[in-house]
Amino acid sequence: MQITRRNILGGAVAAGASLAAPALVHAKAGAAHVVVVGGGFGGATAARYLRLHAPQLRVTLVEPSRTFYTCPFSNLYLAGLRSWDSIGHGYDGLRAAGVEVVHARADEVDAAARSVKLSSGQVLHWDRLVLSPGVDMRWGALQGYDEAAADKAPHAWKAGTQTLLLRSQLEAMKDGGLLVMAIPDNPFRCPPGPYERAAMVAHYFKQHKPRSKILLLDAKDSFSKQALFQQGWKAMYGDMIEWVKQSDDGQVLRVDAGSLEVETAFGTRHKADVLNVIPPQKAGFIAERAGVTNASGWVPIQAESFESSQVAGVYVLGDATIAAPMPKSGFAANTQGKVAAAAIAADLLGQERPEASYANTCYSLIGPGYGISVAGVYRARDGKLIEAPDSGGVSPLDGDARFRAAEALYGEAWYAAISADMFGAPRR
């Protein structure tokens, strides 16, 4: 692999901070107001880096939750390898950096008036708006799967109460039971996520319910890091995990959450003891309210800055965007937030935007001491995102135990580093 995993985050930070020059400290942008909606990987990063680039800029972060629980490493919580508190992060570090944090939900965006209406009734006026809304589920895309069904067959694709529910169901399941996971077609949040989840649940089963099985029903014929995952599953869990691809009747079309059953495209029914349904997704609802989504339900952006292709002055980050070949990952949102912050600061200060550069590394844990990864570097060319030649790759299939252990450690280090980068303090 061409990328050194231990320094890729540091390199992205250095690139993002290129605007933090003395001229900015003295620039007259104090009257400008940037509102950031969403306090996750993209939004928290953008807010913090806007203050870094232009300390006199007024930056307001709107986020309903007082603690942000990360989807990265939530699978480790399911495995019993992480505590719930260890993946939760507060916003005091952002406040210390001069960001105004408002705990409310953004309900409406008026792009013409440049305003955001909050659930509290407060209206914020902005010169630039940054949206990092994450994803919403496409309720009804799978027949029978709506919000009520998710209370019985959790998706757990937003870290929070759904994750806690899935964990409790796994704990209550009998030994010898079956977890069935329905996996959607692309695009969706975190392409390797379902397959790491399978490994982490298998680790939990191996420790506590060794006669149990995991059935993965997939709406695709291939997936991210497939050979590495399947090699790791076999090495650590034997035949505990079975993956069924779309062409072998893996695509789930109907869900009966009451009986914990799913039906596939060929009419096959599978009954679970625990049913984890990951449905098709779309951009978080505030993106639609802001007028930045297209017919796909996702947000087209300008590759050079992640400004909306449809609404001037509105920037959209992370999972909500159409940004292929960049994946919908936390690291991708973090680097997008840095580029957007640099572009916004430059525009407000009348300066030239720096050249956009993006990076991503997705670490996945197969089991304790067994990690794998995929990495890439991306550039904006002719209005499109491209992967820089010879910039990344995946872990080698022939990696030995020492290499796999190092990858697991790199993943832990990445999580600590990116948490500090976003929120200002590491979390253990």
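Here are a few things to note about the model shown:
Residue-wise test of (1) of a type in the set (Phe, Trp, Tyr); (2) more than 22 Å from Gln281 (Cβ to Cβ).
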{"residue": "Gly193", "(1), (2)": "no, no"}
{"residue": "His203", "(1), (2)": "no, yes"}
{"residue": "Ser212", "(1), (2)": "no, yes"}
{"residue": "Ser222", "(1), (2)": "no, no"}
{"residue": "Phe229", "(1), (2)": "yes, no"}
{"residue": "Ala235", "(1), (2)": "no, yes"}
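- Residue within the range 131-142 that is among the aromatic types (Phe, Trp, Tyr) and surrounded by 17 or more Cβ atoms within 10 Å (Cβ to Cβ) present: no
- Residue ranges of strands (runs of 3 or more DSSP E) in the range 264-333 with at least 1 members free of Cβ contacts under 8 Å to residues at least 40 places away in the same chain, surrounded by fewer than 24 Cβ atoms within 10 Å (Cβ to Cβ) and of a type in the set (D, E, K, R): 269-271
- Number of positions in the range 251-260 that are part of a loop (DSSP other than H, G, I, E, B) and of a type outside the set (Gly, Ala, Ser): 2
- Scanning the range 389-409 for residues that are surrounded by fewer than 19 Cβ atoms within 10 Å (Cβ to Cβ), under 22 Å from the mean Cα position of the chain (by Cα) and either among the aromatic types (Phe, Trp, Tyr) or not in a helix (DSSP H, G or I) (or both) returns Ser391, Gly393, Val394.
- If you filter the range 337-354 down to residues that are more than 22 Å from the chain's Cα centre (by Cα), not small (Gly, Ala, Ser) and not in a loop (DSSP other than H, G, I, E, B), you find that the one that is nearest to Ala324 (Cα to Cα) is Ile344.
- Residue match in the range 355-373 (condition: among the charged types (D, E, K, R), surrounded by fewer than 24 Cβ atoms within 10 Å (Cβ to Cβ) and either under 19 Å from the mean Cα position of the chain (by Cα) or not in a loop (DSSP other than H, G, I, E, B) (or both)): no
- In the range 335-367, the residue that is nearest to Tyr410 (Cα to Cα) out of those that are acidic (Asp, Glu) and touching a strand residue (DSSP E or B) at 6+ places or on another chain (Cβ under 9 Å) is Glu355.
- Any hit, the range 78-98, residues being under 26 Å from Val314 (Cα atoms), touching a strand residue (DSSP E or B) at 6+ places or on another chain (Cβ under 9 Å), modelled with pLDDT of 95 or more and among the hydroxyl-bearing types (Ser, Thr, Tyr): yes
- Hits in the range 207-251 - residues which are of a type in the set (Lys, Arg) and within 25 Å of Arg404 (Cα to Cα): Lys213, Lys225, Lys234
- Residue list for the range 251-262, restricted to those being over 15 Å from Lys220 (Cα atoms) and surrounded by fewer than 18 Cβ atoms within 10 Å (Cβ to Cβ): Arg254, Gly258, Ser259, Glu261
- Boolean, Asp382 is of a type in the set (Asp, Glu) and under 20 Å from the mean Cα position of the chain (by Cα): no
- Members of the range 26-71 found to be among the polar types (S, T, N, Q), at pLDDT 95 or above and either more than 17 Å from Ala333 (Cβ to Cβ) or in a loop (DSSP other than H, G, I, E, B) (or both), listed by number: Thr60, Ser65, Thr67, Thr70
The values are calculated or read from the model by the stated rules, or taken from the named source; none is laboratory data. As the structure is a computational prediction, the values presented were derived from the model and not from experiment. All Cβ positions, glycine included, derive from the backbone under ideal geometry; neighbour counts span all protein chains shown.
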